[in-house]
Each structure stands twice: as C-alpha cells, then as structure tokens.
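Just below is one structure, and these are the notes that go with it.
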Amino acid sequence: MDNKLAGTVAVVTGASSGIGAATARRLSEHGAAVVLVARRRERLDALVAQIGEAGGAALAIEADLAVREHASRAIQEAVDHYGRLDILVNNAGLMLLGPVVGADTDEWDRMLAINVQGLMYATHAALPHLLAAAEDGLREVADIVNVGSIAGRLAWRGYAAYNTTKFGVHAFSEALRQEVTRRHVRVGLLEPGAVATELVSHNSAEVRKEMTDAFDARVEKLEAEDIADGIAYMVTRSHRTTIADMLILPTEQD
C-alpha cells in the first residue's frame, strides 16, 4: 500500500467482477476503505475477504442500482458504516447489442435503468457526502469517476441502444463536472475500448460471435486491471488537477 488514499472511503458499483472488482482492489492498495456494491452477494463477500487478507478494509452491500431506493440505501449504508464518503466509482453497467429493427425493447429498458438511471441515482445520493468531504481538509477534494465507453463517442450499427446510454453518461458527466468543480468535487469520465470482461456474455450467441470476429482475432483486449489503473490515477492526482476525460484503448484497436 502507498497510502495516497489513507483515511478515505470509496464506493465502487458493479464490484462483483471485472472492472469493478479490480478497481476496488486497486483503491484498497492505495489505502482507501472500499464499499463494494452489486447484486451478487457471494462474489462481494469473497472480494471483501480477499481485500481483508491483503490488509485492507472493505464492506459488501447487495443492491440493484436500477432501483432508486437501493441506490440511496447503498450510499447511506456506506456512510453510516465508515462515517464519510470521498470517492464514487460508477461502474455498474450492461451491454445488450442488436439492431433497432425487431429489438426487444425490454432490453433497452434494462440498459437505460442500469447504465443511466442507476448511475444518476447513486450520484445524487452521494453528492451531499462528497461535497462535505471536499470541504473537510483531508484531501481538499472528492471524486466521482463514471465508467463510460468508447461507445459514448462513436456510434456503430447494432449498438444503437448501448450507444444511447453511453452518450448519455458522457453528457451527464460533463454537465455535472461544470456544476460542482468549483466546490472541489472532481467528475471524471473514463471511456474504455475493448476489455476482456463478462460484459458481452449477456448477449446472444450470434452477437458474441460477431464481436469475436470483430475483435478477438486481431486485437489483444485490455484487462480489467488496466482500467482500474486508470481510475486510480484519476483519483490520486493533486487536488488542483482534474482528469475530466480519459480514453483507454487496446494498442491494436482502430
């Protein structure tokens, strides 16, 4: 541990696997107490044990962030347990791909609920605590990092609904940054390219094959730890520095 985040508390959503789990481990290594929020309790408990064995402090909170009351409760439980909140990493997300023509619109609803509304609910609940942390002198700053996607910059056939959610995250992040930056709450957007995680696994076999054909044969994907490193970099900068937008791509991705 290097203790750059000693004394701080970080909430990481979507922490049961992939980028969220890697981020929780990395922030713990920097000295933060981490609060792990996701729906899969067994995985959260296993990660809490892993972080504890490494000398860190972690708390698991089972919640479905698409439900406003769950998001508010998760943030309040974190603050009740540790007494403060310094960092919020909005990582929970879902990627369901396919054409607009003939689409299952229930999938659109699920993505909007998790990728956009869940992120907004968690942010709304966390902001009063983050604003308070920014004023108390520990770091003279607090942080929100929203995990977006390159799909929030570029639109592709078959990605329309997912593109919509990630363009929305991009817009929300920048608007919020302008609103709270002079109150020393930094808002950063991290936009990954292709990452080897479970994100694609919720799609049909046909969609998974298309993605395999598009990426796997020619691109060495990023690992979750690569994105966690980026998030840690953003939140460990001097209080005078904001990384407002970070794009992380595999070297071979066009």
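So what is the diffusion coefficient of the range 108-156 in µm² per second by Stokes-Einstein at 10 °C and 1.306 mPa s, using a Kirkwood Rh over Cα pairs?
Estimated via Stokes-Einstein, D reaches 124 µm²/s.
Among A46, A15, T242, which residue has its Cα furthest toward the positive end of the charge dipole of the chain, with +1 on Lys/Arg Cβ and -1 on Asp/Glu Cβ?
T242
Would you pull out the residues with amide H under 5 Å of A60's amide H, same chain only if 5 or more places away, H placed 1.01 Å from N?
Excluding prolines and chain starts, which carry no amide H, the hits are L36.
Once amide H atoms are placed 1.01 Å from N in the peptide plane, what residues at a sequence separation of 5 or more from E140, or on another chain, have their amide H within under 5 Å of its amide H?
Residues meeting the amide H criterion: none.
In debye to the nearest 20, how big a dipole does the range 9-248 give about its Cα centre with +1 on each Lys and Arg Cβ and -1 on each Asp and Glu Cβ?
With only Lys, Arg, Asp and Glu charged at Cβ, the dipole is about 460 debye.
I need to check one value: relative contact order of the chain, counting alpha carbon pairs closer than 8 Å and at least 6 residues apart, in percent.
19 percent
Which value, to two decimals, describes the C-alpha radius of gyration of the chain once divided by 2.2 N^0.38 Å?
0.96
Mind checking which of V185, Q253, A57 is farthest towards the positive end of the chain's charge dipole, using Cβ charges of +1 (Lys, Arg) and -1 (Asp, Glu) about the Cα centre?
Positive-end residue among those listed: V185.
Between 0 and 90 degrees, rounded to the nearest ten: what's the tilt of helix 18-29 against the longest Cα principal axis of the chain?
20 degrees
Only helical DSSP H runs with n ≥ 4 go in: add -39500 (n - 2.57) per run for the chain, normalise by residue count and round the 222 nm mean residue ellipticity to 500 deg cm²/dmol.
-13000 deg cm²/dmol
The numbers here are math on the coordinates, done by the rules we state, and not lab data. Every value quoted in this text rests on a predicted model; they were computed, and no experiment measured them. Please note: Cβ atoms are built from the backbone with ideal geometry, for glycine as well, and neighbour counts cover all protein chains shown.
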